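Trainee: Right, I'll just put the structure down here and ask away after.
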Amino acid sequence: MLKLIPKPASILESEGNFFISPKTIILSQNGNAETAFIAKFLSALLGKVSGYEVPVVEQSSDPGHDNIYLSLNSEESLGEE
C-alpha cells in the first residue's frame, strides 16, 4: 500500500518502473489552478532529486508515455475534503 497524502481516489499500479528523464513532463489538468499549483510543487521536488528540469504543461487529456498527468475528480458525491 502506498502512503500518499492526500489519498488519491484511485491508483493504477503495474509492473515495471517509472524513471524521471530529461524528456519527462508534468501535465496539469487544463484550466485548473489547484492542479497547476501541485504540478509546480512536484516539478520543483523532482528537479532537486533528479537533476533534470521537469516542465509543467497544461493539457486536458492524453498524457502520452513517460509523463506525469495530474487531474482532479469533480464528482459531487465525494463531498468536501
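The values are calculated or read from the model by the stated rules, or taken from the named source; none is laboratory data. The structure presented is a predicted model; accordingly, all values stated were derived computationally and were not measured. These accessible areas exclude ligands, DNA and RNA; they are computed on the full protein's heavy atoms, side chains included. Shrake-Rupley method; radii C 1.70, N 1.55, O 1.52, S 1.80 Å.
Trainee: Residue by residue through segment 40-58, note down the ones that are farther than 12 Å from Ser28 by Cα, part of a helix (DSSP H, G or I) and open to solvent by less than 50 Å² (accessible area, probe 1.4 Å).
Mentor: Listed by number, the residues that qualify are Leu46, Gly47, Ser50.
Trainee: Listed residues Ser77, Ser61, Ser10, Ser14; which is part of a helix (DSSP H, G or I), at pLDDT below 90 and open to solvent by 50 Å² or more (accessible area, probe 1.4 Å)?
Mentor: Ser77
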